[in-house]
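Please read the structure below before turning to the comments.
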Amino acid sequence: METTTYIKTIKAQDLNQQQQICELLGITEMEYCQNQYNKGLAYAKAQVDGDVFGYAILERSKSFWAYWKNEFAKREAHFLNTFSSYDYEFLLNEYDFIHSAAGIKSSKPVEYLEKEIAYLWHQVWREERSHA
């Protein structure tokens with residue numbers, strides 16, 4: 001009997017969510033992935049508040065992209081559980097907001113968000129030092 005690892009289970013859930021979102025919004029897998037990437041870059045930019053060096057660090061960081069992929073998946077689950085029966089225009093607008101830096105900021109207590117970002121930066125700097 002083959003056991004499914006936790007990571008394989010999560011990856012399967014993420015893929016299932018991705019397929020549901022593509023169907024619900026009428027987008028291709030490529031459009032979905034491009035949107036996820038663009039939203040990640042926008043989130044990175046919002047986190048550094050105009051700091052070009054900080055943005056470049058986040059943009060190439062495996063830790064940042066792992067964080068973003070996880071954050072994106074949580075938002076996908078919330079979206080599917082909450083908004084799947086609304087009209088198309090509302091869905092598009094809500095989907096865009098939920099995945100934006102402003103949407104993330106509005107959905108979490110400030111203290112939690114600050115701790116989360118501090119931990120992310122800790123991971124990013126550890127990663128940077130290991131490449132130096």
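Quick check: is even one residue across the range 106-124 under 15 Å from C22 (Cα atoms), over 13 Å from the mean Cα position of the chain (by Cα), touching a residue at least 40 places away in the same chain (Cβ under 8 Å) and part of a helix (DSSP H, G or I)? Show your work before the answer.
First pass over the range 106-124, keeping only residues under 15 Å from C22 (Cα atoms): none.
No, there is no match, as no residue in the range 106-124 is under 15 Å from C22 (Cα atoms), over 13 Å from the mean Cα position of the chain (by Cα), touching a residue at least 40 places away in the same chain (Cβ under 8 Å) and part of a helix (DSSP H, G or I).
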Under 8 Å between Cβ atoms, at least 6 apart or on separate chains: pull out the pairs that start in the range 80-94 with a residue that is acidic (D, E) and end on any residue that is in a helix (DSSP H, G or I) and surrounded by 14 or more Cβ atoms within 10 Å (Cβ to Cβ). E94/F79; E94/F83
Tell me, please, whether a residue that is charged (D, E, K, R) and under 26 Å from Y6 (Cα atoms) can be found in the range 83-104. no
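Just checking, how many residues over the range 10-34 are polar (S, T, N, Q), surrounded by 11 or more Cβ atoms within 10 Å (Cβ to Cβ) and without any contact (Cβ under 8 Å) to a residue 12 or more places away in the chain?
Selection size over the range 10-34: 3.
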A careful count of residues in the range 77-92 that are closer than 24 Å to Q13 by Cα and either assigned to a helix (DSSP H, G or I) or under 17 Å from the mean Cα position of the chain (by Cα) (or both) gives 10
Scanning for something of a type in the set (D, E, K, R) and surrounded by 14 or more Cβ atoms within 10 Å (Cβ to Cβ), does the range 77-93 turn up at least one residue? no
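Could you list all residues from the range 37-64 that are assigned to a helix (DSSP H, G or I) and either exposed (fewer than 12 other Cβ atoms within 10 Å of the Cβ) or in contact (Cβ under 8 Å) with a residue 60 or more places away in the chain (or both)? Reasoning before the result, please.
Taking the range 37-64 as the starting set, the residues that turn out to be assigned to a helix (DSSP H, G or I) are 37-48, 52-59, 62-64.
Within the range 37-64, N38, K39, Y43, Q47, V52, F53, I57, L58, K62, S63, F64 meet the criteria.
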The range 18-76 - residue that is within 13 Å of the chain's Cα centre (by Cα) and acidic (D, E) and, of those, farthest from E94 (Cα to Cα): E71
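A short reminder: the numbers here are calculations on the coordinates, not readings from a lab. On a predicted model such as this, the values are computed, not experimentally measured, just so you know. With ideal geometry, Cβ positions are generated from the backbone for all residues, glycine too; neighbour counts draw on all protein chains shown.
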